[in-house]
C-alpha cells in the first residue's frame, strides 16, 4: 500500500463501529513505518480498534484516556478519565519504559511494562498519531490488541 492509502485506511478503521477483523487492522499496522523513541515523549490520548480482543472491553470499562511519556525511562502506560474529565494514572499497572525493539520485522519504539509481560510496539501514522500493537504473554491466545494514540502535548 502507498503511504497515503495506508493513512486513509487507518483513518477509515478509526471511524468504524462494530467489530473489525484483526487481519484488516494488522494489514494497516504492518505497512506503517517505525517511530523514534523521542517522538513519543508527551501526553497521548488513546483510541481502540474493536477486534474482539478482551483488552478493548477492559480499557472501555477503565475509561482509558491514553498514555503519558515523560522520558524513555518514565512512562505511565495506562491513564484513565475521571468524573471531571481529568487524567489519572492507573497505579495498578505500574510504569513502563521505551526501547527500540524488532516486532514483525521492523525495529521501532516499543513500550515495556515494568509489572506485566506486556510490550506495546508503535508505528508512525502521521505527525502526532501512532498506531500500537500490544503483545501480552498472558493473553497470547487472544491475538494482538491494536490501538492508536493522538498526541495532546
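What to note about this one:
- Condition broken by residue 31, with the remaining ones in (1) closer than 22 Å to residue 143 by Cα; (2) surrounded by 12 or more Cβ atoms within 10 Å (Cβ to Cβ); (3) in contact (Cβ under 8 Å) with a residue 60 or more places away in the chain satisfied: (3)
- Qualifying residue in the range 120-128 (condition: farther than 16 Å from residue 26 by Cα and without any contact (Cβ under 8 Å) to a residue 60 or more places away in the chain): yes
- So residue 60, is it within 21 Å of residue 118 (Cβ to Cβ), part of a helix (DSSP H, G or I) and without any contact (Cβ under 8 Å) to a residue 60 or more places away in the chain: yes
- Taken together, the residues in the range 64-92 that are outside any strand (DSSP E or B), surrounded by 14 or more Cβ atoms within 10 Å (Cβ to Cβ) and either touching a residue at least 40 places away in the same chain (Cβ under 8 Å) or out of contact with any helix residue (DSSP H, G or I) (no Cβ under 6 Å at 6 or more places or on another chain) (or both) amount to 1.
- The numbered conditions (1) modelled with pLDDT of 95 or more; (2) within 22 Å of residue 39 (Cβ to Cβ); (3) surrounded by 15 or more Cβ atoms within 10 Å (Cβ to Cβ) are all true for residue 114 except (3).
- Of the residues in the range 33-49, not one is on the phi > 0 side of the Ramachandran plot and part of a loop (DSSP other than H, G, I, E, B).
- Residue selected from the range 93-109 under the condition out of contact with any helix residue (DSSP H, G or I) (no Cβ under 6 Å at 6 or more places or on another chain) and farther than 19 Å from residue 27 by Cα, by the criterion surrounded by the most Cβ atoms within 10 Å (Cβ to Cβ): 96
- Every test in (1) at pLDDT 95 or above; (2) at positive phi is passed by residue 129 save one, and that test is (2).
The values are calculated or read from the model by the stated rules, or taken from the named source; none is laboratory data. As the structure is a prediction and not an experimental result, all values here were calculated from the model. Neighbour counts are summed over all protein chains in view; Cβ atoms, including those assigned to glycine, are modelled from backbone coordinates with ideal geometry.
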